[in-house]
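Notes to accompany the following structure.
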Amino acid sequence: MAEYDVIVIGAGPGGYVCAIRCGQLGLKVACVEGRETLGGTCLNIGCIPSKALLHASELYHAAGHDFAKMGLKVADPGFDWAGVQAYKQSTVDGNTKGIEFLFKKNKVDWLKGWGTITAPGEVKVGEEVHRAKAIVIATGSEPSALKGVEVDEEVVVTSTGALALGAVPKRLAVIGAGVIGLELGSVYARLGSEVTVVEFLDQITPGMDLEVCKALQKTLAKQGLTFILGAAVQGATKGEGGVTVDYKLRKDDSAGSVEADVVLVATGRRPYVAGLGLEGVGVELTERGQVRTDAHWRTSVPGIYAIGDAIAGPMLAHKAEDEGMAVAETIAGRHGHVNYGVIPGVIYTSPEVASVGKTEESLKAAGRAYTVGRFPFMGNARAKSYLMGDGFVKMLADKETDRILGCHIIGPQAGELIAEVCVAMEFGASAEDVARTCHAHPTCSEAVREAALACGDGAIHA
Ligand code: FAD
Ligand code: NAI
């Protein structure tokens with residue numbers, strides 16, 4: 001007889017949400033987590049601490065740069081790094097403890113320790129073997145290694161070390177102009193570091209709408225970040241005066257280097273399945289090391305499911321959460337569903353960048369006829385009052401049916417604004433549906449409506 005209906009391995013956003021949902025659906029559930037605290041990468045060393053540092057550094061920067069423009073006087077803004085770190089940690093602690101409370105509330109047993117699947121329906125934690133009808137792998141991801149660059153988490157760091165540096169470095173080199181590089185690069189640039197970002201490709205944030213990429217790069221360059229694009233990093237060497245990052249420009253093979261006090265390696269993440277015993281039970285991996293799943297998150301072994309960063313798809317907390325809920329519903333005999341076409345992506349720089357659905361480049365490549373509705377935040381009263389008139393909303397709609405295919409925003413509160421478009425897309429709305437919906441004035445959300453209007457007869461304030 002199984003002790004549990006479900007054992008979830010990993011208590012990140014995928015695993016903890018799955019476990020809570022299982023509890024809510026009346027399943028007897030346990031969640032195995034080896035970390036001291038619940039919440040996984042996201043709450044402990046990812047989304048939450050990075051957003052805390054982004055928030056604090058944004059306010060500090062505003063105090064030094066924008067307050068005077070609004071007639072506000074603050075004498076000599078400064079920061080106490082230990083205090084900033086303590087604020088970050090208290091934000092993390094509040095959230096991880098919150099998950100413990102939710103586990104108790106929803107009768108989820110936390111099995112403390114590292115889990116190994118010893119057989120289908122069997123998970124070993126420490127010396128104890130627990131049995132369950134279903135097992136969900138939600139073990140997340142870890143930073144990818146980069147050849148020639150040895151991480152010590154002190155001067156050559158991944159995001160984990162970068163969130164907890166002993167001091168703000170004078171010079172920070174970032175390898176990789178993806179989400180982590182730009183968010184953490186922004187934090188340290190605002191706090192006074194000279195930040196140089198070395199990127200392999202010829203553009204930053206690959207996969208994002210190109211118009212938005214270009215606008216973001218321009219904005220970040222204005223904020224003091226230096227970009228070296230099309231550069232293949234050859235290695236990082238520690239010396240007396242810091243670390244030297246050597247690269248070769250891909251266009252002509254010419255060599256260059258960046259001197260830094262700290263180097264952040266942010267070249268992507270890979271699924272974490274070490275020690276899980278997958279080989280022993282026959283759970284297949286893809287050629288990219290992800291746990292192979294079908295459309296219902298079933299692995300190659302009956303009764304074993306997988307979700308989140310450990311499987312294919314964008315490595316995002318909300319994608320993991322949605323899969324967590326859906327797999328719980330599937331195991332409970334319901335119909336779990338995730339709409340992979342409507343998963344927003346947000347970069348929490350200033351201004352924020354948010355995106356959902358198709359990019360213009362992908363529509364062109366697919367030969368699909370579309371209309372573009374653009375609206376600049378310069379025409380939005382609320383954004384201008386925030387001194388954030390740069391940026392725009394770009395909506396893409398099907399030329400024939402007007403159905404919204406994608407939306408890309410760079411501007412104030414972009415991460416909040418995109419939610420409206422996600423709901424619209426989930427309901428198969430047309431741009432006209434959004435355009436005909438009354439939006440409160442003055443709000444930044446009016447810019448989304450104006451972009452929708454621009455897909456039709458035209459925006460009013462542009
Ligand atoms: P994880 O959160 O990685 O959790 C997996 C858990 O499983 C871990 O706690 C691990 O200890 C545990 N585990 C692993 N193996 C075992 C085992 N054998 N036994 C027991 N426990 C085990 N995403 C966003 O959407 N928004 C953001 O703003 C954002 N910011 C980020 C910032 C940074 C710096 C980083 C690194 C990531 C960020 N992400 C963000 C990505 C996000 O953190 C991940 O997509 C998300 O955490 C994936 O959730 P998960 O549940 O799949 O795995
Ligand atoms: P990423 O995949 O976003 O970016 C990695 C970048 O490194 C790419 O631009 C890539 O071209 C570049 N790169 C790869 N190899 C390189 C090399 N040898 N030299 C120079 N550049 C190289 O990965 P990142 O930033 O590490 O983030 C990992 C994951 O965490 C992402 O999948 C992301 O979804 C998630 N995340 C999400 C956040 C959010 O939603 N706001 C915030 C932070 C992370």
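The values are calculated or read from the model by the stated rules, or taken from the named source; none is laboratory data. None of these values were measured; they are calculated from a predicted model. Note that each Cβ is placed from the backbone with ideal geometry, even for glycine, and that neighbours are counted across all protein chains shown. The accessibility values were calculated without ligands, DNA or RNA, using every heavy atom of the protein model including side chains. Shrake-Rupley method; radii C 1.70, N 1.55, O 1.52, S 1.80 Å.
Of the conditions (1) away from ligand 1 (no atom under 16 Å from the Cβ); (2) crowded, with 17+ Cβ neighbours inside 10 Å; (3) under 30 Å from Met395 (Cβ atoms), Asp246 fails just one. Which one is it? It is condition (3) that Asp246 fails. With respect to the conditions (1) out of contact with any Lys or Arg (no Cβ under 8 Å at 6 or more places or on another chain); (2) over 25 Å from Ala164 (Cα atoms), Thr286 lacks only one, and its number is (1). Candidates Val174, Val168: the one that is open to solvent by 10 Å² or more (accessible area, probe 1.4 Å), aliphatic (A, V, I, L, M), in contact with a helix residue (DSSP H, G or I) (Cβ under 7 Å, 6 or more places away or on another chain) and not assigned by TED's automatic domain parsing to the domain that holds Thr41 is Val168. Scanning segment 164-201 for residues that are in a loop (DSSP other than H, G, I, E, B) and more than 11 Å from ligand 2 (Cβ to nearest atom) yields Ala164, Leu165, Gly166, Ala167, Val168, Pro169, Lys170, Leu191, Gly192, Ser193. Applying the condition of being closer than 19 Å to Val273 by Cα and surrounded by fewer than 22 Cβ atoms within 10 Å (Cβ to Cβ) to segment 131-145 and asking which residue is modelled with the lowest pLDDT yields Ala145. Take the residues of segment 194-204 that are touching a strand residue (DSSP E or B) at 6+ places or on another chain (Cβ under 8 Å) and open to solvent by 10 Å² or more (accessible area, probe 1.4 Å): which is farthest from ligand 1 (Cβ to nearest atom)? Top of the filtered list is Glu194. Considering the conditions (1) in contact with a Ser or Thr (Cβ under 6 Å, 6 or more places away or on another chain); (2) more than 11 Å from ligand 1 (Cβ to nearest atom); (3) under 30 Å from Gln217 (Cα atoms), Gly336 is excluded by exactly one of them, (3). On the stretch given as segment 319-352, residues that are more than 25 Å from Gly26 (Cβ to Cβ) and either assigned to a helix (DSSP H, G or I) or open to solvent by less than 40 Å² (accessible area, probe 1.4 Å) (or both) total 12. When segment 6-20 is filtered for residues that are within 16 Å of ligand 2 (Cβ to nearest atom) and assigned to a helix (DSSP H, G or I), the ones remaining, listed by number, are Pro13, Gly14. Within this structure, Lys384 fails the test of being basic (Lys, Arg), within 16 Å of ligand 1 (Cβ to nearest atom) and modelled with pLDDT of 95 or more. Using the structure shown, decide if Thr437 is closer than 23 Å to Ala369 by Cα, free of Cβ contacts under 8 Å to residues at least 40 places away in the same chain and either part of a loop (DSSP other than H, G, I, E, B) or open to solvent by less than 80 Å² (accessible area, probe 1.4 Å) (or both). The answer is no for Thr437.
Condition check ((1) under 27 Å from Ala317 (Cβ atoms); (2) touching a Leu at 6+ places or on another chain (Cβ under 7 Å); (3) not assigned by TED's automatic domain parsing to the domain that holds Ala317) across all residues:
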site: Pro351; (1), (2), (3): yes, no, yes
site: Val356; (1), (2), (3): yes, no, yes
site: Ala365; (1), (2), (3): no, no, yes
site: Met388; (1), (2), (3): yes, no, yes
site: Leu396; (1), (2), (3): yes, yes, yes
site: Arg403; (1), (2), (3): no, no, yes
site: Ala440; (1), (2), (3): no, no, yes
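All of Leu43, Leu38, Leu27, Leu54 fail the test of being more than 16 Å from ligand 2 (Cβ to nearest atom) and either open to solvent by less than 20 Å² (accessible area, probe 1.4 Å) or part of a helix (DSSP H, G or I) (or both), apart from Leu38.
Arg403 meets the stated requirement of being open to solvent by 50 Å² or more (accessible area, probe 1.4 Å) and over 18 Å from Lys214 (Cα atoms).
Considered as a group, the residues in segment 64-78 that are surrounded by 13 or more Cβ atoms within 10 Å (Cβ to Cβ), without any contact (Cβ under 8 Å) to a residue 60 or more places away in the chain and closer than 15 Å to Tyr386 by Cβ include one that is nearest to the chain's Cα centre (by Cα), and that residue is His65.
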